[in-house]
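Structure first, commentary second.
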């Protein structure tokens with residue numbers, strides 16, 4: 001990043017689901033939940049392809065875990081299925097591709113004038129599905145709706161609200177038909193990283209009401225039909241501005257009640273792609289003729305969350321002791337069937353300013369010593385868990401077993417998902433949560449500040465708060481890197497997360513299609529890039 005011209009990747013934060021599941025009483029299915037994303041990564045896969053671009057055909061894809069409150073509102077989704085629909089119909093200013101590389105979409109460029117003012121320049125010649133040209137005023141309207149609107153299901157602000165920070169909504173100005181001036185009320189040098197929350201920052205036409213009107217985006221597919229909790233059917237956008245795309249004639253997104261039925265649909269040819277499987281299912285699908293499995297290394301996390309404002313976790317020695325008792329490679333093998341990469345309690349591994357020098361290995365003597373210093377020998381803890389994400393309960397079970405080596409007795413309280421995300425969510429003393437990849441400052445703003453909407457650890461550190469403000473006050477890359485390294489050192493030495501692993505994303509595809517790829521963001525089905533897929 002230099003010269004004031006910055007760019008960002010996509011960040012899908014599945015926090016909306018939590019509010020939705022509490023409001024609707026829906027149980028979470030594996031692969032159904034929204035979490036966070038990345039900048040720059042490596043992915044591995046047992047199969048990946050480059051699109052041959054053959055035109056025609058009807059593509060059917062499946063996901064499980066409808067929230068019971070399915071929506072076509074591009075700013076109000078709750079689940080991955082909602083996001084898959086939105087990604088087909090709408091587009092954002094920027095996002096990341098399936099390899100977590102930055103890609104401008106509707107924006108031609110986004111420039112930082114100062115940390116408090118940015119300029120967005122749109123690509124020319126883009127139209128919405130109804131033929132209306134995309135203009136600067138559409139961006140202004142979209143920002144204002146996201147920043148001030150409410151999700152009608154949960155009553156909470158639209159999920160993109162947090163990403164837009166302290167935007168000066170009254171000061172937004174169209175400089176011409178394609179250019180927007182975006183001022184902030186306080187320095188916001190991380191604006192591009194925050195825009196990586198693109199899944200809920202889609203651009204809609206000025207004055208458009210998604211709650212009452214037929215979907216009208218700039219995306220590769222056009223709305224045909226939508227049956228909540230069942231399926232959505234979209235057709236190729238004949239006027240799509242990205243030449244030659246999409247390849248298929250129709251796209252059908254089908255909701256399945258669980259991943260078992262999803263697996264059956266893929267193996268019998270009812271659908272051509274599915275996401276959100278677990279390790280044993282991947283092993284079974286790997287033996288099925290006509291099916292290719294894809295395991296992607298991601299920056300997704302399912303952290304154990306320790307409230308730093310309540311005993312015994314208000315003593316940093318206890319927090320560090322629990323981190324030292326984890327055998328991370330064994331944890332991945334046992335809890336995740338090997339589908340993960342070792343982590344050391346610091347998030348956002350694909351951020352360009354991630355400190356790869358921070359490592360932590362199991363050290364039982366050190367864990368015991370810290371507990372003794374804290375007067376917490378033979379510590380007993382209650383860990384609240386739930387089947388809210390793939391491997392979540394298994395991870396809790398393995399941690400409890402490993403803790404015994406340090407004399408720590410972890411008693412599991414396995415509650416229903418609706419209870420987990422009910423009135424006590426964010427109040428549990430020792431619990432879990434989950435996110436897809438976010439760049440570092442985006443994750444901090446989401447869960448590590450007193451103003452964060454999902455601060456499970458109740459972190460309120462003057463040191464971290466001050467460093468976050470400092471990082472947002474500079475456009476100098478080298479200065480900001482130093483600040484982020486200091487912030488990550490704080491996380492490593494004092495934080496309230498135990499992060500044993502970055503968790504793989506597990507998808508599977510029919511050999512009849514091509515164009516998909518691994519997804520480093522932790523989002524299923526190649527970041528829902530269906531316009532790139534075609535039949536062989």
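The values are calculated or read from the model by the stated rules, or taken from the named source; none is laboratory data. These figures come from a predicted structure and were not determined experimentally. Every residue, glycine as well, gets a Cβ built from its backbone with ideal geometry; the counts of neighbours run over all protein chains shown.
Here residue 436 does not qualify as modelled with pLDDT of 95 or more and in contact with a strand residue (DSSP E or B) (Cβ under 9 Å, 6 or more places away or on another chain). Whether any residue in region 321-339 is in contact with a strand residue (DSSP E or B) (Cβ under 9 Å, 6 or more places away or on another chain), outside the structural domain of residue 355 (by TED's automatic domain parsing) and exposed (fewer than 15 other Cβ atoms within 10 Å of the Cβ) is what I want to check. No, every residue in region 321-339 fails to be in contact with a strand residue (DSSP E or B) (Cβ under 9 Å, 6 or more places away or on another chain), outside the structural domain of residue 355 (by TED's automatic domain parsing) and exposed (fewer than 15 other Cβ atoms within 10 Å of the Cβ). In the set (1) more than 23 Å from residue 438 (Cβ to Cβ); (2) in contact with a helix residue (DSSP H, G or I) (Cβ under 8 Å, 6 or more places away or on another chain), residue 385 fails one condition alone, (1).
Every residue in region 175-197 that is surrounded by fewer than 19 Cβ atoms within 10 Å (Cβ to Cβ) and in contact with a strand residue (DSSP E or B) (Cβ under 6 Å, 6 or more places away or on another chain), please. Matches in region 175-197: 175, 179, 181, 183.
Checked across region 104-117, the condition of being crowded, with 24+ Cβ neighbours inside 10 Å and either touching a helix residue (DSSP H, G or I) at 6+ places or on another chain (Cβ under 8 Å) or closer than 26 Å to residue 249 by Cα (or both) holds for no residue. Would you check if there is a residue in region 489-511 being surrounded by fewer than 23 Cβ atoms within 10 Å (Cβ to Cβ), free of Cβ contacts under 8 Å to residues at least 24 places away in the same chain, assigned by TED's automatic domain parsing to the domain that holds residue 338 and touching a helix residue (DSSP H, G or I) at 6+ places or on another chain (Cβ under 9 Å)? Checked region 489-511: no residue is surrounded by fewer than 23 Cβ atoms within 10 Å (Cβ to Cβ), free of Cβ contacts under 8 Å to residues at least 24 places away in the same chain, assigned by TED's automatic domain parsing to the domain that holds residue 338 and touching a helix residue (DSSP H, G or I) at 6+ places or on another chain (Cβ under 9 Å).
Candidates are the residues of region 374-411 that are surrounded by 15 or more Cβ atoms within 10 Å (Cβ to Cβ) and part of a strand (DSSP E or B); the one that is nearest to the chain's Cα centre (by Cα) is 385. Can you find even one residue in region 276-285 that is in contact with a strand residue (DSSP E or B) (Cβ under 6 Å, 6 or more places away or on another chain) and surrounded by fewer than 16 Cβ atoms within 10 Å (Cβ to Cβ)? Scanning region 276-285 turns up no residue that is in contact with a strand residue (DSSP E or B) (Cβ under 6 Å, 6 or more places away or on another chain) and surrounded by fewer than 16 Cβ atoms within 10 Å (Cβ to Cβ). Of the residues making up region 484-498, one or more are out of contact with any strand residue (DSSP E or B) (no Cβ under 7 Å at 6 or more places or on another chain), part of a helix (DSSP H, G or I) and within 20 Å of residue 197 (Cα to Cα). Checking every residue in region 32-47 against the condition of being in contact with a helix residue (DSSP H, G or I) (Cβ under 6 Å, 6 or more places away or on another chain), at pLDDT 85 or above and part of a strand (DSSP E or B) gives zero matches.
Taken as a whole, the structure leaves residue 72 outside the set of residues that are touching a residue at least 24 places away in the same chain (Cβ under 8 Å), assigned by TED's automatic domain parsing to the domain that holds residue 230 and outside any loop (DSSP other than H, G, I, E, B).
Checking each residue in region 457-483 for being within 17 Å of residue 316 (Cβ to Cβ), in a loop (DSSP other than H, G, I, E, B) and either assigned by TED's automatic domain parsing to the domain that holds residue 163 or in contact with a helix residue (DSSP H, G or I) (Cβ under 9 Å, 6 or more places away or on another chain) (or both) picks out 457, 459, 461.
Of the listed requirements (1) out of contact with any helix residue (DSSP H, G or I) (no Cβ under 8 Å at 6 or more places or on another chain); (2) surrounded by 22 or more Cβ atoms within 10 Å (Cβ to Cβ), residue 209 misses just one: (2).
Filtered by the rule that a residue be modelled with pLDDT of 95 or more and touching a helix residue (DSSP H, G or I) at 6+ places or on another chain (Cβ under 9 Å), region 243-258 gives 245, 246, 247, 248, 251, 253, 254.
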